[in-house]
Amino acid sequence: MFSIENKDAIDNLVVGATILGTGGGGSPETGRKTLENDLEAGRKLRVVDLDEISDDALIVSPYYIGSIAPGVKANKKVTISEPFAVALELVERHFKRKVAATVASELGGGNTAAALHVASQLNIPLVDGDLLGRAGPELHQSTAHIFDAPMAPSAVVSETGDVVFIERYADIDDYEALARYVAVISGGHAVVIDTPLTKPTALKVIIRGTVSKSIAIGKAVRDANRDGTDPVEASRRTLGGWLVFRGSVEKYEWKNEKGFLFSDVSLTGKDEWRGRTFRSWIKNEHIFAWLDSKPIVMPPDLIMFLDKSGYGVTNTTLKQGLEVSIIAAKAPDVWRTPKGLVYFGPRHFGFDYEYVPVENLVNPK
């Protein structure tokens, strides 16, 4: 177990998780401020290895669901100031027991921080791991499905007063639609607590060590900025990834549809990429990318837009004219399995491609 004890440590976590959030994963500004408030209130931000959890402990995943599109608000009053607390009460009442730890649903500046925030409020730890290994747009992108672990019973709560308890669902398409609908009618987002796990199942489902990985990436980037070395290279090296493009955003127009931010972003190259083009298809996160009209990164592998300081650029702040470096990295192995590709491969998102690992696309034989 280790603790995040100051603002510097919070920054390392949020910076690294935002990079791994691949353009989504929630607001890093909100995540940072929430965790700083937790420390100021005297709450503890503790992270624990899964091996330290008891076998019968109840672990749950708290997160935000909805479109990351800016400016989307409900024309309703806020009536629930602590929606996570309401959702947690419903889940604990159902199981007739207290939650012992939380685990992040994904990596991102907002959602990883949210899971740690809920843990701090309960004076329990966050497990060092998550259920995705990056950020993803849909509830389909959870390792729970690969190992046939149910995401319900779950609670979905909005600040505007919607409180929904889902005891079970017919399939993941229905569950995604149910939870997403609450977010849409509530003005864009809601909170969820789901994927109840005990340790035997958690050992299969949780991608371990990813909170520590986020902290290591954030520290490497922030250290590089202080030392005057290349922060983008520090990020690439720590990720074990590839620099696949550097250039400026030529066109970026998004739409908010069915609870998601959709877009195609086009870039023109500079330096060794001068005269070349890059395009990424976005569904909240960067999902599929092309270099000069040829695939260069396919889902589930990671596409990360970094600014000059090596910080992750979320798709809410991406804009025309912005200069970025684009890093690609391998997805966790579990997503590269046949079952993983059902939920996170190119065909899941409507692309008529067989999955090709990023290492084969950036280094073709």
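Taken together, the values in this text are just the output of simple stated rules run on the coordinates, not laboratory data. On a predicted model such as this, the values are computed, not experimentally measured, just so you know. Note that each Cβ is placed from the backbone with ideal geometry, even for glycine, and that neighbours are counted across all protein chains shown.
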- Message: Using the Cα centre of region 2-210 as origin and beta-carbon charges of +1 (Lys, Arg) and -1 (Asp, Glu), tell me which of Phe2, His140, Leu122 is placed farthest towards the positive end of the dipole.
- Response: Leu122
- Item | Sequence-distant lysines (8 or more away, or on other chains) whose Cα lies within less than 22 Å of Lys33 | Lys7, Lys44, Lys73, Lys213, Lys219
- Query: Against the longest principal axis of the chain, how steep is helix 172-185, in degrees 0 to 90 to the nearest 10, with axes from Cα atoms?
  - Reply: 90 degrees
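Would you please classify the overall shape of region 184-239 from the alpha carbon gyration tensor, given that a ≥ b ≥ c denote the square roots of the eigenvalues, rounded means a/c under 1.5, and beyond that prolate means a/b larger than b/c while oblate covers the rest?
Numbers: a/c = 4.21, a/b = 1.62, b/c = 2.60.
Cα axes put region 184-239 in the oblate bin.
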- Note on the structure: Along the dipole axis of the chain (charges at Cβ: +1 for Lys and Arg, -1 for Asp and Glu; origin at the Cα centre), the most positive-end residue among Val14, Trp290, Val60 is Trp290
- Item | Cα centroid of region 134-170 to Cα centroid of region 282-310, whole Å | 26 Å
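What is region 291-365's relative contact order, in percent, from Cα pairs under 8 angstrom and six or more apart in sequence?
On the way: 84 pairs, mean separation 28.3, N = 75.
Normalised by residue count, the contact order of region 291-365 is 38 percent.
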- Task: Give the angle, between 0 and 90 degrees and rounded to the nearest 10, that separates the Cα long axis of helix 83-95 from the longest principal axis of the Cα atoms of the chain.
- Result: 60 degrees
- Which whole-angstrom value gives the distance between the alpha carbon centres of region 1-75 and region 215-271? 20 Å
- Pick out, from Val182, Pro346, Ala202, the residue whose Cα sits farthest towards the positive end of the charge dipole of the chain, with +1 on the Cβ of Lys and Arg and -1 on the Cβ of Asp and Glu. Pro346
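Eigenvalues of the Cα gyration tensor times 5, then square-rooted: what semi-axes does that give for the chain, in whole angstrom, largest first? Could you put the intermediate results ahead of the total?
Values: eigenvalues 194, 99, 82 Å².
Sorted largest first and rounded, they come to 31, 22, 20 Å.
State the extension gain, in nm to one decimal, for the chain segment bounded by Glu354 and Lys7, taking 0.36 nm per residue of separation less the distance between their alpha-carbons. Let's see the in-between values first.
Details: separation 347, 0.36 × 347 = 124.92 nm, distance 4.38 nm.
Extra length available between Glu354 and Lys7 comes to 120.5 nm.
For region 276-365, state the semi-axes of the equivalent ellipsoid (square roots of 5 times the eigenvalues of the alpha-carbon gyration tensor), sorted largest first and rounded to whole angstrom. All intermediate terms of the calculation are to be shown ahead of the outcome.
Values: eigenvalues 102, 41, 32 Å².
One finds semi-axes of 23, 14, 13 Å for region 276-365.
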- Task: Could you check how many percent of all C-alpha pairs in region 105-183 are farther apart than 15 Å?
- Result: 64 percent
- Report, by chain and number, residues whose modeled amide H sits under 5 Å from the one on His140, excluding near sequence neighbours (fewer than 5 apart, same chain). none
- Message: Let's test this: bin the Cα-Cα distances of region 108-237 at 10 Å from zero up to the farthest pair and state each bin's percent.
- Response: 11, 35, 33, 16, 6, 0
- State, in angstrom, two size descriptors of region 2-210 derived from its alpha carbons: Rg to one decimal place and Dmax to the nearest whole number. 15.6, 46
- Per-residue ³J(HN,Hα) for region 333-349, Karplus 6.51 cos²θ - 1.76 cosθ + 1.60, θ = phi - 60°, Hz, x for Gly and Pro: 4, 4, 7, 8, 6, x, 6, x, 5, 4, 9, 9, x, x, 5, 4, 9
